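> First the structure, then my questions, so here it is.
The values are calculated or read from the model by the stated rules, or taken from the named source; none is laboratory data. Here the structure is a predicted model, which means the values were calculated and not measured. Here Cβ is always computed from backbone atoms with ideal geometry, including for glycine, and neighbour counts include all displayed protein chains.
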């Protein structure tokens with residue numbers, strides 16, 4: 001028997017579905033096929049590639065938030081024999097990963113208040129996967145120029161940009177002038193965020209909200225355990241020309257649509273009082289072995305940037321620093337094979353498959369004394385679910401920047417995870433750091 | 001006259017699909033062909049025909065389910081705000097928050113984040129952001145305890161929910177603190193109060209969307 005499934009959506013001719021029309025085999029068969037097509041697309045069953053929410057007929061984009069991080073560190077330059085002048089430093093330099101189908105404008109905000117007026121204006125730039133500038137540097141627009149007024153003018157709070165980001169991994173940098181022993185009480189990097197530009201959110205097209213129903217009578221409930229390939233599929237022989245209009249076919253098709261409705265919308269069936277898929281199925285798509293994993297950003301974390309725009313390192317020494325941006329820089333102080341925590345991030349993870357974890361962590365770092373210094377450092381991520389294999393950084397283009405992408409990060413689905421980003425040296429060397437690196441930021445994301 | 005292709009959200013009733021039931025063409029076709037079309041559009045996020053679509057736009061203004069909570073698909077769990085921190089390791093990084101000024105010491109954070117658009121209704125997944133975090137004892141003995149409050153949405157003069165953290169080493173703080181969340185910008189005060197003589201480090205912290213269908 002051949003399972004009925006439309007190759008692409010067919011639908012029904014308009015005049016076939018008016019009152020008193022004949023019940024044609026063609027629309028019934030096409031409706032069966034269209035339902036099977038949708039079922040396969042949403043579940044990934046029957047060797048179909050499930051939708052991945054990448055747009056363009058592959059499911060609506062998710063457009064999840066990318067970053068909202070509280071930092072609150074002073075950005076004051078300690079001067080001395082080595083660090084001899086104020087200059088522009090990157091107060092933020094992070095890897096950003098954009099899901100497939102979600103390239104476009106993003107709204108970046110950085111709160112780094114200052115009373116120094118335009119001399120401390122924040123400038124944002126985007127660098128591509130080869131560290132070439134693809135946007136900016138442009139000064140931001142300040143949300144609030146009011147508030148406290150100092151001798152230098154009003155305190156400038158949060159700067160905003162609309163930056164253009166492409167798919168995949170790229171780098172977001174924000175620079176600001178940093179001053180020796182800054183007496184400005186607002187010389188802090190407080191927080192930052194990155195999200196989609198929401199130009200069209202909230203629009204309507206005049207179609208009423210789904211979910212209303214004028215059904216009078218009992219509705220056959222959706223299945224609580226759903227195996228449509230055996231329970232609900234309809235075959236050629238069941239929808240034949242001149243064949244009877246089978247209650248068997250109608251019942252199964254109706255029930256398949258009922259169940260699919262709950263699965264797609266997450267809402268109870270119109271006219272039915274209870275959401276049926278609350279126990280064994282639980283609308284948890286991991287019940288379907290072939291359910292497609294999704295591109296899914298989790299968080300971006302700045303760890304301590306502060307390389308100067310000119311390339312100057314953030315501090316003067318990587319063993320006992322006394323000059324530079326001592327509060328906002330991040331590096332290993334010893335060159336040993338023992339893993340040291342770079343940062344820990346706690347987050348609730350989605351119910352994605354854990355057996356073949358698609359969770360990744362990309363760590364951005366800088367080698368102030370030449371690209372070769374990154375070669376022997378190793379990054380890994382551990383959680384209560386296990387530890388991912390340590391990886392070596394990869395040089396970005398020909399710059400002194402590097403990216404270390406840890407893959408298959410163990411995590412616990414639908415639960416709180418504390419992810420520890422760690423660094424170690426593969427050779428060691430005693431203690432003093434001779435291969436110097438600055439760790440700038442990391443991005444957590446699911447990329448199947 | 002404009003000929004409309006059918007779209008529907010209505011299921012058939014038991015009475016309509018039983019044996020020997022009268023076959024009403026409009027009811028059968030509306031429900032079966034109409035729902036097949038609606039589900040196709042919601043799933044693929046594209047019109048079934050070249051007519052702009054026959055399903056309503058989702059909260060972000062697009063066709064299809066965007067997994068922002070029913071009826072726009074069950075939502076995925078993820079963080080909306082983070083304070084990443086570590087107790088030890090590299091120099092200096094972002095350190096966990098030290099709360100060690102004696103009983104009654106209060107530390108406050110201002111959390112600011114953007115929430116994706118969602119259909120606002122009581123108990124929908126994105127209506128709440130739940131606090132998650134870690135507490136670690138300072139020193140070698142005793143029990144460190146704190147109360148963590150998340151205010152919102154009316155600043156620290158408004159209502160709050162709270163949870164406690166208690167540890168003789170390092171542990172997760174409670175999971176009961178949450179704050180209402182709205183589409184767009186949200187700004188909340190997170191308040192940590194020391195309730196034991198033993199001090200603690202607090203962090204990392206995060207606010208999270210934790211529900212698939214409803215709270």
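> Restricting attention to the stretch A:22-64, and to residues there that are facing chain B (nearest Cβ under 7 Å) and in contact with a strand residue (DSSP E or B) (Cβ under 8 Å, 6 or more places away or on another chain), which single residue is surrounded by the fewest Cβ atoms within 10 Å (Cβ to Cβ)?
A:64
The rows are residues; the columns are (1) crowded, with 18+ Cβ neighbours inside 10 Å; (2) modelled with pLDDT under 95; (3) in the same structural domain as residue A:43 (by TED's automatic domain parsing); (4) out of contact with any helix residue (DSSP H, G or I) (no Cβ under 6 Å at 6 or more places or on another chain).
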| site | (1), (2), (3), (4) |
| --- | --- |
| A:339 | yes, no, no, yes |
| A:348 | yes, no, no, yes |
| A:360 | yes, no, no, yes |
| A:372 | no, no, no, yes |
| A:380 | yes, no, no, yes |
| A:393 | yes, no, no, no |
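> Determine whether residue B:209 is crowded, with 21+ Cβ neighbours inside 10 Å, at pLDDT 95 or above and touching a helix residue (DSSP H, G or I) at 6+ places or on another chain (Cβ under 8 Å).
yes
> Could you please let me know if residue B:52 is touching a residue at least 24 places away in the same chain (Cβ under 8 Å) and at positive phi?
no
> Now for a separate question. Looking at the stretch A:85-128, what strands (runs of 3 or more DSSP E) fall wholly within it and have at least 2 residues that are touching a residue at least 60 places away in the same chain (Cβ under 8 Å)?
In the stretch A:85-128, A:87-98, A:104-114 are the strands (runs of 3 or more DSSP E) which contain 2 or more residues that are touching a residue at least 60 places away in the same chain (Cβ under 8 Å).
> Looking at (1) within 11 Å of chain A (Cβ to nearest Cβ); (2) surrounded by 16 or more Cβ atoms within 10 Å (Cβ to Cβ), which is the one condition that is false for residue B:110?
(2)
> Please find, among B:33, B:21, the residue that is buried (at least 24 other Cβ atoms within 10 Å of the Cβ) and either more than 7 Å from chain A (Cβ to nearest Cβ) or closer than 19 Å to residue A:32 by Cβ (or both).
B:33
> Return the only residue of A:109, A:114, A:121 being in contact with a helix residue (DSSP H, G or I) (Cβ under 8 Å, 6 or more places away or on another chain) and either at negative phi or surrounded by 15 or more Cβ atoms within 10 Å (Cβ to Cβ) (or both).
One residue alone meets the criteria, A:114.
> Let me ask something else. Please give the number of the condition residue B:27 fails out of (1) more than 7 Å from chain A (Cβ to nearest Cβ); (2) out of contact with any helix residue (DSSP H, G or I) (no Cβ under 7 Å at 6 or more places or on another chain); (3) assigned to a helix (DSSP H, G or I).
(2)
> Scan B:99, B:124 and give me the residue that is more than 14 Å from the chain's Cα centre (by Cα) and assigned by TED's automatic domain parsing to the domain that holds residue B:174.
B:99
> Kindly indicate which of B:89, B:101, B:61, B:73 is more than 7 Å from chain A (Cβ to nearest Cβ) and either surrounded by fewer than 24 Cβ atoms within 10 Å (Cβ to Cβ) or not in a helix (DSSP H, G or I) (or both).
Result of the check over B:89, B:101, B:61, B:73: B:101.
> Restrict the check to the stretch A:100-108 and report whether at least one residue is over 18 Å from residue A:160 (Cβ atoms) and touching a strand residue (DSSP E or B) at 6+ places or on another chain (Cβ under 7 Å).
yes
> Considering each residue of the stretch B:179-191, count those that are within 13 Å of chain A (Cβ to nearest Cβ) and assigned to a strand (DSSP E or B), and give that number.
7
> Looking only at the stretch A:395-448, which residues are in contact with a helix residue (DSSP H, G or I) (Cβ under 8 Å, 6 or more places away or on another chain) and under 24 Å from residue A:100 (Cβ atoms)?
A:413
Results for (1) within 12 Å of chain A (Cβ to nearest Cβ); (2) closer than 13 Å to residue B:80 by Cα; (3) in contact with a strand residue (DSSP E or B) (Cβ under 9 Å, 6 or more places away or on another chain); (4) crowded, with 19+ Cβ neighbours inside 10 Å, shown as yes or no for each residue.
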| position | (1), (2), (3), (4) |
| --- | --- |
| B:130 | yes, yes, yes, yes |
| B:140 | no, no, no, no |
| B:144 | no, no, yes, yes |
| B:147 | no, no, yes, no |
| B:173 | yes, no, yes, yes |
| B:203 | yes, no, yes, yes |
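> Go through the stretch A:351-385 and count every residue that is assigned to a loop (DSSP other than H, G, I, E, B) and closer than 26 Å to residue B:77 by Cα.
10
> Being part of a loop (DSSP other than H, G, I, E, B), modelled with pLDDT of 75 or more and more than 33 Å from the chain's Cα centre (by Cα) is the requirement here; does residue A:221 meet it?
no
> I'd like to verify a number: residues in the stretch A:65-84 that are surrounded by 24 or more Cβ atoms within 10 Å (Cβ to Cβ) and assigned to a loop (DSSP other than H, G, I, E, B), how many?
Looking only at that region, the number is 2.
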